[in-house]
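What follows is one structure encoded as structure tokens, with my remarks underneath.
The values are calculated or read from the model by the stated rules, or taken from the named source; none is laboratory data. Just so it is clear, the structure is predicted and the values come from calculations on it, not from any experiment. Cβ placement follows ideal geometry from the backbone for every residue including glycine, while neighbour counts extend to all protein chains displayed.
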Ligand SMILES: [Ca+2]
Ligand SMILES: [Ca+2]
């Protein structure tokens, strides 16, 4: 071979080798870049690469590009047949490139799968917590209903039923007042939505407590182990003997009234005992009069910051003589809270079921407007507050 030809061939091969080397570097750089990206993707999904499957991890550990690449070394004596070898290497680089791309895709898929599994696990845990909460609440309600039912059964068994119509009640000394049978217009068209529609209600005669049940009276039921103690039994603001009991649930009120041989008044009975056949706005008339009822001091200026002794305002007596139907403490009544019907009713007992029980009459914390005879409040029956009490009723014997 002529010297010039040899030199030319060397130059050609060097050109090829240079191209192959550049390509190799590009492939290598791209492969490393993809590997880095796969790691970053995993980290973005809050996953450590060590949490990826052992197979993928071993791949990553074993992938060392310098091991896979044959070392390119140029020997002058190999010039004659270097060209095909370099081409073979080039094919091998491409193959390695493809296999690394496959590995990258596999790692990305694993990352996505791992993230999806973590999301599914979180959702499952959240769902399980919700189910547990629902089951726990349902269990609590069943227990509560059972316990309340037991208390009322106990109250019935221990009830002191020898109630004389015009004598203080034997169990607690309460004076009861006769409310004669009659009709009145229940509700109001002029105030809150839930007082509408006004509906005509006819009632049989019944007895109702002259005052709210006091602390000392309620204590008798607690001592008889029928009633739960008031939540505020140790609160000196409201636990005076002649102050009305507060901090009692609807179930406590039912247990007490059962124990004394009576029951809670229905919502209609309560309103009728308060406003009478003339359907007065307040127990004493249609106009607000300051100083006749214990309500919020800013509005009412009656001199009592919390509960007043029951019956301390004789002028607030209703048409039958019931006291504190306006103010002092809200009073639980028997009915579930619900909409009024529009048609005439006789001895209504309210909706068959509901969420809240009705409270009536306003309290020491209410505005004057809330002490109106037709104003309605409501609370879940198992709850209590320091301005919620009750009085009892009795079906005519
Ligand atoms: Ca007051
Ligand atoms: Ca009251």
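So, in segment 219-253, exactly how many residues are assigned to a loop (DSSP other than H, G, I, E, B) and either over 19 Å from residue 146 (Cα atoms) or more than 31 Å from the chain's Cα centre (by Cα) (or both)?
Residues flagged as assigned to a loop (DSSP other than H, G, I, E, B) and either over 19 Å from residue 146 (Cα atoms) or more than 31 Å from the chain's Cα centre (by Cα) (or both) within segment 219-253 amount to 19.
Can you tell me which of 319, 270, 288 is assigned by TED's automatic domain parsing to the domain that holds residue 218 and outside any loop (DSSP other than H, G, I, E, B)? Please lay out each step first, then the result.
Values: 319 fails: outside any loop (DSSP other than H, G, I, E, B); 288 fails: outside any loop (DSSP other than H, G, I, E, B).
Exactly one residue qualifies, and that residue is 270.
Could you check, for segment 228-241, whether at least one of its residues is at pLDDT 95 or above, surrounded by 20 or more Cβ atoms within 10 Å (Cβ to Cβ) and closer than 25 Å to residue 397 by Cα?
For segment 228-241, residues at pLDDT 95 or above, surrounded by 20 or more Cβ atoms within 10 Å (Cβ to Cβ) and closer than 25 Å to residue 397 by Cα: absent.
Scan segment 188-199 and tell me whether some residue there is within 16 Å of ligand 2 (Cβ to nearest atom) and part of a helix (DSSP H, G or I). Show your work before the answer.
Taking segment 188-199 and keeping what is within 16 Å of ligand 2 (Cβ to nearest atom), we get none.
Checking segment 188-199: not a single residue is within 16 Å of ligand 2 (Cβ to nearest atom) and part of a helix (DSSP H, G or I).
Provide a single number: the residues in segment 327-339 that are outside any loop (DSSP other than H, G, I, E, B), away from ligand 2 (no atom under 16 Å from the Cβ) and either at pLDDT below 95 or out of contact with any helix residue (DSSP H, G or I) (no Cβ under 8 Å at 6 or more places or on another chain) (or both).
1
Just a yes or no: is a residue in segment 306-314 over 39 Å from the mean Cα position of the chain (by Cα) and crowded, with 17+ Cβ neighbours inside 10 Å? Spell out how you get there, then give the answer.
We begin by selecting, within segment 306-314, every residue over 39 Å from the mean Cα position of the chain (by Cα); these are 312-314.
Next, from what is left, pick out any that are crowded, with 17+ Cβ neighbours inside 10 Å: 312-313.
Yes.
Taking interchain pairs and intrachain pairs at least six residues apart, which have beta carbon atoms under 7 angstrom, with the first residue in segment 293-309 and within 14 Å of residue 372 (Cβ to Cβ) and assigned by TED's automatic domain parsing to the domain that holds residue 364 and the second more than 6 Å from ligand 1 (Cβ to nearest atom) and part of a helix (DSSP H, G or I)?
From segment 293-309, the pairs are 293/316; 293/371; 295/368; 295/371; 299/368; 300/368.
Go through segment 348-397 and count every residue that is within 23 Å of residue 141 (Cα to Cα) and either away from ligand 2 (no atom under 16 Å from the Cβ) or outside the structural domain of residue 269 (by TED's automatic domain parsing) (or both).
11
Filter segment 294-325 for residues that are touching a helix residue (DSSP H, G or I) at 6+ places or on another chain (Cβ under 8 Å), closer than 13 Å to residue 211 by Cβ and within 14 Å of ligand 2 (Cβ to nearest atom) and give the result.
Within segment 294-325, 294, 318, 322, 323, 324, 325 meet the criteria.
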